[in-house]
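In what follows, a single structure is set out as structure tokens and then discussed.
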Amino acid sequence: MLGLLAIETGMRWGELVALRPVDIDLKSGIVTVRRTLVEVARKNSPTGQRVLVKDYPKDDEQRLISIERATCQQLREHMMEYAVRDIDLLFTSTAGMASTLKVSLRAAGLSSPRYVPRPVGGSDGRRRS
């Protein structure tokens, strides 16, 4: 479910894992992006925790994203199956968030994500005209 929502909406990882049912209007098919999870160094964290929930977005405007009716139905089933309530996180795992992503990718028949930076243009990554 997490993978499907990521592909359909283009939401960032922190936005996806911060989603709660209250952020999704299943009748109209609208997801409201209100917050994100960010990882910070403990020394820069006001609470000492490495992962913080941050009201979002940075330009003070929430984003509205449309989703398909079929996705709404799958989200409804996901919430019922895992007994997710309005203020609960939509995607959780006792093994943590990274595990949730791995399970979602495996269910979709995909391997773990790997970031391989590739230069655009020259070998230094800058575009060439």
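The table that follows gives values for the structure above.
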| item | result |
| --- | --- |
| The one condition in (1) at pLDDT below 85; (2) part of a loop (DSSP other than H, G, I, E, B) that residue 28 fails to fulfil | (1) |
| Of all residues in region 28-50 being in contact (Cβ under 8 Å) with a residue 12 or more places away in the chain and surrounded by fewer than 16 Cβ atoms within 10 Å (Cβ to Cβ), the one that is farthest from residue 67 (Cα to Cα) | 40 |
| Matching entry among 53, 103, 84 (being within 15 Å of the chain's Cα centre (by Cα) and at pLDDT 80 or above) | 53 |
| Residues located in region 1-19, provided they are in a helix (DSSP H, G or I) and basic (Lys, Arg) | none |
| Matching residues, region 49-78, being among the hydrophobic types (A, V, I, L, M, F, W, C) and in contact with a Lys or Arg (Cβ under 6 Å, 6 or more places away or on another chain) | 53 |
| Set 75, 37, 64, 89: member being of a type in the set (A, V, I, L, M), assigned to a strand (DSSP E or B) and at pLDDT 85 or above | 64 |
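The values are calculated or read from the model by the stated rules, or taken from the named source; none is laboratory data. In this text the structure is predicted, and so the values were computed from the model without any measurement. Note: ideal-geometry Cβ built from the backbone for every residue, glycine included; neighbour counts use all protein chains shown.
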